[in-house]
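Read the structure below first, then the notes.
What follows is calculated from the coordinates using simple rules that are stated; it is not laboratory data. These figures come from a predicted structure and were not determined experimentally. Don't worry about glycine lacking a Cβ; one is built from the backbone with ideal geometry, like all the others, and counts go over all protein chains shown.
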RNA sequence: GGCGGCGUAUCCGAAUUGGCACAGGAGGCGGUCUUAAAAACCGCUGGGCGAAAGCCCGAUGUGGGUUCGAGUCCCACCGCCGCUACCA
């Protein structure tokens, strides 16, 4: 019996040191092997690693290790997303510097990653707060500026009062909350820096179709966020105080130009620049001002409470409807949003529920009805009287139908993307009063932050030349370290940083003191990994094109829009610059589920954190790695439980004892060379079945069932040893099974596998350099197969027949087996499913 | 309101194109070994009958449908969870 004692700590620390010495995980570009780039989202160094990290990086490590054994040259890097606000907050709290806190946490996490045995190429590490990294972020920024993709403009922006900085649209989450601190954000009109991601809206949308390896749900989230809607721009002429149409046109966007004849009023957002001018000094001013003021007052929180009541006021002015020349009143309404479309809306109460409610509330007309729910034939619809002129319904009808009351267009099909919609748009376009157009919900990416701990924006404000980019040869703009964050200082408090000369005219000028959104750092780090020590450019095109796109990306679903959209944008920009030759950065995406405790996400503030280091101390990292994968499929949320950890440890020890016994018996010659008895045949078949299963499961990321496959093979090995007495066992087979188990286990429990491979099985070089076991389909074939026999859908018998039996013979055997059930009944039909079952249908 | 996901044993979970529902683990019960315990190994763990082999019945949130056959496909409903939201 095996004397093997599983001592994870000795084994794990020993082999971790050995692997470093042997340089096992260095990725090379010149091996001639097919490449595989396995990438996990780099962590933010907010403290030591938690169970979510363990799960994320273990998944990546298993994929990387298995790919390597399967013959790929694997790039598996790690780095840190190290700029950002938590470092500033922590620095204030601990009276230190953000850099101190950040680097200390990076060290801590790095040590934990090494203790977990992750197979990273440590020579390619990236820390985004290192000047060697962020200088190239500045470089890319300047190249984007050259291409007209950088813009400084004034507009209403999201402001987080707690973080004291502006936020991009994507960083406002939930109920108008800051993505990081969850404070409610407010709106402010500010001049800020933007990346013109909207220039890429269509491509970002279209190319989602080129990503079959991404989860449907992530793609649909991105598509919704980009929010493409087709419709038309329509120009309404503003009337003067005497209600005479002027040359001044107000543009609206509508998805339903076919309902233009049903427009009975016109709406402006409270923030619309025209509002003040229209009502200034008129009797309408006070009512309108009140709506504007209440909209301003209304915080994001209040807007979330239940059904919102709409508020509005008449401006006293009119616009002319371009299709029929009717004048309709202009109202200000707080349900019109300034930051979607044009901030002006044509109201069609019969077709839009919001307009309908507003009309009811303020006694505005709802008729004419232009696209009613009932089908109206073309002839009767030509007659105005044939359709209701008064409505008694309680809701608008937004669906498709036949256009009525619509002049020459009556009788056409109306609705989204309808004949009528295109006809009206074309009619408008001919007269210069509108055109078909597409509107996106996506806004430009606001990238400037009024914070210290970030990548400085390389720009200079010159009183004579205006905004001037820092010349590329002057990079980097180094983030100064002598800043006292505890006093709330930013770069704007440091003249020695911002006082400079204009690169263009040489006159005195001021450096930009905003830093870039940290999401700019994370939008290209995966490219830097391909050439991490390049000091003449961000990365060489050769290296990037060799490794990229990343074959497998792994990270949390919370980045479905933010990081993943920005990275796709950067990649497309870099492709347009000729720096890379691919349009998408990540071929396959795996979004792993959260690790929860008692149904909620683990967090320090809730005090429900399970520390990985405690688990490692008790069981070793191999048990923890295998256990967290075994608990649930990777994309599902996982409820942490301590029960079962012991079981995983027991399993690893159980495998070890079998491997030890098999090796010992083989060495001692205590058995037979090759037996070929039924028990051996069965074990041999089971071994190959499991090779096939585990290989397939890993490819499908079903790590939980892959591990259960290992348990099945282990159980089969124990069955064999119980059924066949010592001395009669097939030594070669036992050893074969032992080696197979160790090889299949290597990605999951890399240290124990290494110990068993090198020390117990005497395998020589590392188990992680061995070839993945080859699946032999023919070895799984059995001479006989068992089939279930169903009668009218219920299993009534089992038969065992030769694998090569003809269908006719199978049916004959099957009918005999269920004779009792079909006796005296008419057999109407027999279905044979090869290798599975026989289904007999009888009458009565 | 919209979009998406989920619902299988006491618990976590298998079941890849429709084909013997519940693999694997946890927990529970029992056995072997032992003076005893732990560990290890073995068995049982939906209900009924049976000493056992086995036989019968029930069962994938609920109700329908398609099919020789449905956890899987279709329709409706219930429950839970995400994301999004006056998007014109």
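What the table shows:
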item: Spacing of the two label points (7 Å from each Cα toward its C-beta) at residue A:251 and residue A:151, in nm; result: 1.2
item: Highest to lowest packing among A:249-257, A:434-442, A:96-104, A:779-787, scored as the average C-beta count within 10 Å; result: A:249-257, A:96-104, A:434-442, A:779-787
item: Backbone N within the stretch A:766-806 under 13 Å of label point (7 Å from residue A:719 Cα along the Cβ vector); result: none
item: Alpha-carbon centroid distance for the pair the stretch A:92-158 / the stretch A:753-781, whole angstrom; result: 40
item: Residues listed by number, the stretch A:821-837, amide nitrogen under 15 Å from residue A:788 label point at 7 Å toward C-beta; result: A:831-837
item: Quarter of Cα convex hull surface for chain A, i.e. mean projection, nm²; result: 49.1
item: Rough spin-label spacing in nm, given labels placed 7 Å along Cα→Cβ, for residue A:438 and residue A:241; result: 4.5
item: Peptides A:420-427, A:273-280, A:818-825 ordered by average Cβ neighbours within 10 Å, highest first; result: A:420-427, A:273-280, A:818-825
item: Estimated FRET transfer efficiency when R0 is 41 angstrom, pair residue A:203-residue A:478 (beta carbons, to 0.05); result: 0.75
item: Nearest-0.05 FRET efficiency for residue A:217 and residue A:339, computed from C-beta distance (R0 22 Å); result: 0.25
item: Sorted peptide list for A:346-353, A:197-204, criterion being average Cβ within 10 angstrom, highest first; result: A:346-353, A:197-204
item: Label-zone membership for the stretch A:1-38, site residue A:726, 7 angstrom Cα→C-beta point, backbone N under 15 Å; result: A:1-4
item: Within chain A, helix-based [θ] at 222 nm, where runs of 4 or more DSSP H residues each add -39,500 (n - 2.57), nearest 500; result: -11000 deg cm²/dmol
item: Cα-projected label distance for residue A:276 with residue A:642, points at 7 Å along beta-carbon direction, nm; result: 6.4
item: Burial ordering of A:122, A:757, fewest other beta-carbon atoms within 10 Å first; result: A:122, A:757
item: Förster radius 45 Å - calculated FRET efficiency between residue A:164 and residue A:31, Cβ distance, rounded to 0.05; result: 0.35
item: Beta bridge orientation in chain A: antiparallel %, DSSP, nearest 5; result: 75
item: With eigenvalues of the C-alpha gyration tensor scaled by 5 and rooted, the stretch A:763-832, Å; result: 43, 12, 9
